[in-house]
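Here the structure comes first, spelled out in structure tokens, and everything after it is commentary.
The values are calculated or read from the model by the stated rules, or taken from the named source; none is laboratory data. Quick caveat, the model's predicted, so the values are computed rather than measured. With ideal geometry, Cβ positions are generated from the backbone for all residues, glycine too; neighbour counts draw on all protein chains shown. Ligands, DNA and RNA are stripped out before the accessible areas are found, and what is left, the full protein with its side chains, is counted by its heavy atoms. Shrake-Rupley method; radii C 1.70, N 1.55, O 1.52, S 1.80 Å.
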Amino acid sequence: ELFNPKAPVFDTDIHPTAVIHETAKIGAGCKIGPNCYVGKHVELGSEVLLYPNVCVFDETSIGNNTIVWSGTVIRERCIIGSHCIFHTNVSIGADGFGLVKESKKNKSIPHLGNVIIKDDVFIGANCCIDRGTINDTIISENCRLDNLIQVGHNVQIGRGCILAAQVGIAGSTIIKNNVTIAGQVGIIDHIVIEENSIIAAKSLVCNSVDKGSFLSGNPAQPHRDFLRQQILLRSLDKDNKDRQ
């Protein structure tokens, strides 16, 4: 019952403290909790559940049976699919980290793109999904994101990907279908990670990745090569101790 949008989580379908703009379209069976904000021309599908203190800004659409937990902010014009779950304090659609230098001062680049999250996506607590600069940031169907993940502007994530906690993906990187990325992996910008690849924990990915790869290390490399390096380093350390 905890994840069932039909569960009686509120005494009323729309709590009296919720602020809903008159142009918003609210689907059948939606439940909107205390202190939620739903902006201009927002569209909520049927059976959407917004827990207390959720903000959904102007012109965003959310598909059927999606659950949004407290503290989550979904910025303007985002497109959210059906049967998604966003846990507490998720940020969707904030401006990305795009900068230029002008007269030796940092200038932020306007971000005019969007965030598109397709059906059946799970996003853990405190994740940040940045909007695109001109193109869109896209998370495809059936992805699973753990807590505390950063997805930069213009990133595209394919179907069925799994990302563990504290992964950071820099802007304009493309991750193809069914990629698994373990905890604390860093991925630089403008590279492509091909489908069915696995990246081990704490790796730093600095180059594009071939289909079906298994990488580890800093910089990331084929896992067998990384293991050989570790064995060699340990043998060197042992030899040095023996000489002493």
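Side notes on the structure shown:
- Dipole magnitude of the chain, debye to nearest 20 (Cβ charges: Lys/Arg +1, Asp/Glu -1, about Cα centre): 900
- Surface accessible to a 1.4 Å probe, per residue, for the residues of the chain, Å²: 52
- Among 18-29, 175-186, the order from most to least packed when residues are scored by Cβ within 10 Å on average: 175-186, 18-29
- Taking the longest Cα principal axis of the chain as reference, the axis of helix 223-243 is set at about 50 degrees.
- Greater than 28 Å apart at Cα, pairs in LYS25/LYS118; LYS118/LYS211; LYS176/LYS202; LYS104/LYS176: LYS104/LYS176
- In this Cβ point-charge picture (+1 for Lys and Arg, -1 for Asp and Glu), the stretch 103-205 has a dipole of about 480 debye about its Cα centre.
- Amide H partners (placed H, <5 Å) of ILE85, local residues excluded: ILE67, VAL121, PHE122, ILE123
- Which of ILE79, GLY168, ILE116, positive extreme of dipole for the chain (C-beta unit charges): GLY168
- Largest accessible area first, the listed residues VAL151, VAL192 line up as VAL192, VAL151 when surface is computed with a 1.4 Å probe on the assembled protein chains.
- With θ taken as phi - 60° and the Karplus curve 6.51 cos²θ - 1.76 cosθ + 1.60 applied, the whole-hertz 3J(HN,Hα) list for the stretch 110-118 is x, 10, 9, x, 9, 10, 10, 10, 8 Hz, x standing for glycine and proline.
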